[in-house]
Amino acid sequence: MHRIGFKRCEADHCCYVKSFNNSYIILLLYVDDMLIVGFDIEKINNLKKQLSKQFAMKDLGAAKQILGMRIIRDKTNGTLKLSQSEYVKKVLSRLDIAHAVGVVIRFMSASLKLQGYVDVDFAGDIDSRKSTIGFVFTLGGTTISWASNLQKIVTLSTTEAEYVAATEVGKEMIWLHGFLDELGKKQEMDILHSDSQSAIFLAKNSTFHSKSKHIQTKYYFIRYLVEDKLVILEKICGSKNPADMLTKGVTIEKLKLCVASIGLLA
């Protein structure tokens with residue numbers, strides 16, 4: 001790839017980029033699957049010819065499916081949608097993971113601006129009393145990264161749980177920032193939304209406080225990000241925070257609101 005002018009992204013070694021005067025080509029590799037994205041179809045065809053001379057490959061034409069996701073194009077409206085409906089059906093119909101599905105169900109019932117949302121269900125796990133972190137990132141209103149998992153430590157308050165979550169999610173935001181930079185979509189200051197005013201205050205206030213002195217040093221990383229203006233922490237109303245659906249079961253109305261706010265279609 002380097003011989004034909006592509007540069008491998010440091011943020012993701014499966015991604016290669018080649019820039020031109022007014023366009024670029026992105027090539028993604030995953031085992032024996034390849035996805036090519038670009039503005040100029042002639043340049044894409046030339047790339048495929050070059051690669052076919054070096055490797056035995058089968059050209060499947062315009063991408064219709066990748067990694068279990070269907071790609072749905074609407075050229076009339078200029079939209080592109082990703083669907084995992086078939087994958088979801090397969091997962092929900094597998095008897096051998098019925099218990100795992102039951103556990104999961106407990107937690108899941110524009111300009112190219114990077115936006116992050118984080119939320120925590122304090123001490124929600126009845127066995128360990130650990131809190132569940134949920135986060136989602138959007139770019140231009142479209143979801144690009146998300147997760148729902150237990151925190152690694154037991155926290156003593158909602159504020160501490162939200163503060164620790166902000167640090168964990170801040171690391172993901174820095175990685176996304178660097179990845180987008182390599183793709184030519186340089187971001188200014190990234191915005192991370194939290195519905196905890198007290199956690200935001202703690203991240204912005206470097207004064208020693210007896211109630212937070214026990215928090216492990218590594219979780220003060222979010223304070224560094226805020227002080228260096230790498231991340232802006234902003235308050236969002238809890239009822240409008242889409243990350244809420246990744247921390248616990250929510251009502252149908254709340255789920256629809258969360259889904260719509262991050263560019264997903266039910």
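The values are calculated or read from the model by the stated rules, or taken from the named source; none is laboratory data. Values in this document were obtained by computation on a predicted structure and should not be read as measured data. A quick note on method: Cβ atoms are made from the backbone with ideal geometry, for glycine too, and the neighbour counts reach across all protein chains shown.
Some notes on this structure:
- Any hit, the stretch 159-171, residues being touching a Ser or Thr at 6+ places or on another chain (Cβ under 8 Å), over 16 Å from I222 (Cβ atoms) and crowded, with 19+ Cβ neighbours inside 10 Å: no
- From the list L27, L67, the one residue that fits, being surrounded by 13 or more Cβ atoms within 10 Å (Cβ to Cβ) and not assigned by TED's automatic domain parsing to the domain that holds I174, is L27.
- Residue satisfying all of: in the stretch 221-235; farther than 20 Å from S131 by Cα and among the β-branched types (V, I, T); surrounded by the fewest Cβ atoms within 10 Å (Cβ to Cβ) among these: I232
- The criterion of at least 2 residues that are of a type in the set (K, R) and in contact with a Lys or Arg (Cβ under 7 Å, 6 or more places away or on another chain) is met by none of the strands (runs of 3 or more DSSP E) wholly inside the stretch 9-62.
- None of D33, D74, D40, D12 is acidic (D, E), in contact with a strand residue (DSSP E or B) (Cβ under 9 Å, 6 or more places away or on another chain), farther than 27 Å from H177 by Cα and modelled with pLDDT of 85 or more except D74.
- Looking across the stretch 131-145 at every residue that is crowded, with 19+ Cβ neighbours inside 10 Å and of a type in the set (A, V, I, L, M, F, W, C), the one that is farthest from I200 (Cα to Cα) is identified as L139.
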